[in-house]
1. Just to confirm the number: angle between the C-alpha axis of helix B:574-591 and the first principal axis of chain B, 0 to 90 degrees, nearest 10?
2. Can you give the Kirkwood hydrodynamic radius for the range B:406-478, in Å, rounded to one decimal and based on Cα pairs?
3. For a test of the definition: using alpha carbon positions, the gyration tensor, and the 1.5 limit on a/c, classify chain A as rounded, prolate or oblate.
4. With labels modelled as points extended 7 Å from the Cα through the Cβ direction, what inter-label distance (nm, one decimal) is found for residue A:89 paired with residue B:677?
5. Sort B:73, A:164 by Cβ crowding within 10 Å, fewest neighbours at the top.
6. Take every DSSP beta bridge whose two residues both sit in the protein assembly as shown, then give the antiparallel share in percent to the nearest 5.
7. Rounded to the nearest 10 degrees, what's the angle between the helix B:238-250 long axis and the longest principal axis of chain B, both from Cα atoms, 0 to 90?
8. For peptide A:112-121, how many partner chain Cβ atoms fall within 10 Å of a residue's Cβ, on average?
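What follows is calculated from the coordinates using simple rules that are stated; it is not laboratory data. In this text, all values refer to a predicted model and were calculated from it rather than measured experimentally. Positions of Cβ are backbone-derived with ideal geometry, glycine not excepted, and every protein chain shown enters the neighbour counts.
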């Protein structure tokens, strides 16, 4: 029950929705620097963990300890948002879902899809359930990423793993005619889902740029917790 | 031994595996004229470093036992204990930290803070030992001492402050800049023994000034006078800076960082100056004891030679001349011939021969005064015992000792080996509280227990070499535990009333899971069970904890409450209630949904990046949970939690998967419930073993 409550109250449910969160290949969370891309991606990952699925979180920005801290914080924010929960239950649930999360930290120079392939292969070899989603946080979409995205598409096909990216755009850039930031426009055919976060007064507005009939959904979020502001 | 304690330093040298501790100690002994030739740890001539006196140490190139020695530097007496880095030998590090006043923490300038550095840091915290850091191997490709200093902050939470800058790194490493004296030091002579002081190179002056300013800023927190001098923009005397660093270091609020390359004989001497300048003397450390004659009140010990003697035995060694007991004297003085009392058992003993150790060589002395470390011959005691003079009855906190997690059966090859094996085991278990042995009553096998595969491997090898006792080893066994997962009631009557003296006792209550190993609560009212039989009930319950009813593993985490019962005026006895308690335990236990728990190990793998995916796969195959992976330069660090039962032979597998380039450390983390499939497998194996008998 607690798991279902947490998933339903998650900001992810209200924006992208949960049912088809893994359909397709790629998803992106876009914003300028410091607005909350990683925090939102963590909430996406938490909905999977609460559904007893494994996730893989790859960061090119944060060290491993920081990744783990973000997940702990994200989980606490979600718990606080739904109201009072027995603290022991909260702790037990976290102990249950935490092992299904694996964080890997790379630098831009050392990020290599070959290593990820080796790791995912080992799940098959050990007859274990594969992660259902992979978060890749910190790839620089101002550069040409065609090769990397192609390799990731292959991983998606081979291991049925949906990939969520963080995409940084810039204040001074104008949007394209389609209404997308240039970073998304360049690769829009590969992305089935995209959410743009931007500051509005003292809140963050999450705008669904791409997601079938949920396109143009707009939800206001608390910038410090990423929870929906009523 | 000098009596001016301000000029005494008792230090340990601790670090992760292969950081260069023993190499550094060899250089220290050379520069203080204790030895006249430097031998490398894995030297081509096979001699080995002086501190690695055990044959096995020299062969493997690892330090196993902690060797003690002393030297003099700059009119100070430095007692040094060189300690192992392998987590399997962590009891040696615990022992040393208990009795030392300061530590030199060695870090590799390439790998930085590694898993065992973290363990050592926790040990230093436990015993509140101040430290300085020495970033070693600055001659290596990829050396980055500034990054390592930052890691001290990020990973260990130290307030690390760079006290030096390197002059060149990697193959260009020539010397260091001292940011206090603002001078450059170079090291000349065949073994770097000549310290040449020069002006700072022009191209480094700007960096040096910036770094000095940062250092002074950080250090000014510990000296009002220094802060005033900064604000008044006066010239800052060296002594003022040094005093502030010393204050901050001894208070464990900062860690001064030095650097160099022990192997290339660079910048060891400045590090030794730092030991004297910044690590505490025995007078700077407050040592406490418990007064057993005064409600166990805490007393502060004084490093005074006139006060009643208090000393702690921290290490035992059984050698050809009998037992050698290493001691640290905290108060008073042990003179040859003194009578001392062991406060644990009240036994009196005479201090016969007193020794000062230098690795494996001994020097006889007349006394060991407060603040010093020495050894005594011919004293029968245990590690952790406190010795006092007759006027007082104090005891000091004993060491923290970890429970073994792995065991192995050993079978001597022949009769001669059997006798020698017993001698060997007697000695090793006395010296090392984490190494234990017992005889399995069912199989008759001798079982040895320890902290890891390497730990046991080393003792088996030592048995062969030192005692000529060759043994065959069986399959390693995991220390499983049983526990319950829910509350269950019991109401058991033990009755034998069929003529002659009868037995009667009834106990009722409940069992439930708890955090402690065992808890017994008496809630009997109205004399339903007479008070004299309550201890017997507790004894009966406790007796069942050694072998759980489920699969005969030791039981843990049970709270037993008795709240009802009955007795017979004639037939009730202690024995009857013990039996009643046993029956009650069995009755409730299986109803309480017992489960098996297994030891889970924290496994940290350091591997070249190209093998990262493969290593993570190896963990996956072992029911392991990867907590995360971090790339650090050319290496990846993978942290995971893996059941011990799946870790046997891992070193061989890892070696093959990574061309021998990866290494791992493993230490006990926690106990966790085993999955159903594993529980069934364990039960099946137990059945098979029983059938074989």
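1. With both axes taken from Cα atoms, the answer is about 80 degrees.
2. Its Kirkwood hydrodynamic radius stands at 11.9 Å.
3. Note, shape of chain A comes out oblate.
4. 3.1 nm
5. B:73, A:164
6. Details: 135 of 192 bridges.
Of all bridge pairs located within the protein assembly as shown, approximately 70 percent are antiparallel.
7. Long axis of B:238-250 versus the principal axis of chain B: about 10 degrees.
8. Details: counts 5, 1, 3, 11, 3, 1, 8, 10, 4, 4.
Mean shielding by partner chains, rounded to a whole number: 5.
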